[in-house]
Amino acid sequence: MAAESPNGEWTWRVILEEPDGFKEVLVKRLVVNVPSFSKEDEMPVVGRKFHMACRGTFRLDDEGTGIIDPSPSQAASLW
């Protein structure tokens with residue numbers, strides 16, 4: 001999928017958990033403004049995968065940067 005993006009620039013694959021399933025978004029850069037943790041999953045076909053995970057609110061800016069900020073409830077608990 002990343003290789004098919006314009007000039008191959010959209011290299012970060014972000015998986016979003018939504019009420020009706022999962023959504024995949026490609027971004028050029030990724031900024032994570034929340035605590036993160038490592039995760040290990042068994043994935044069909046590819047086997048064991050290691051990745052970083054976090055909880056927050058995702059947005060994509062006009063330049064292709066994906067940004068994960070605290071959700072409103074997380075922000076309240078950080079103060």
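Relative to the current alpha-carbon distance between Asp41 and Arg59, full extension at 0.36 nm per residue lengthens the span by 4.0 nm.
In the assembled protein chains, Leu30 presents an accessible area of approximately 50 Å² (probe radius 1.4 Å). Can you give the accessible area of Lys49, probe radius 1.4 Å, in Å² rounded to 10? In the full protein context, Lys49 sits at about 90 Å².
The values are calculated or read from the model by the stated rules, or taken from the named source; none is laboratory data. Being a predicted model, the structure only gives us computed values, none of them experimental. Just so you know, the surface numbers come from the protein's heavy atoms only, side chains and all, with ligands and any DNA or RNA stripped out. Shrake-Rupley method; radii C 1.70, N 1.55, O 1.52, S 1.80 Å.
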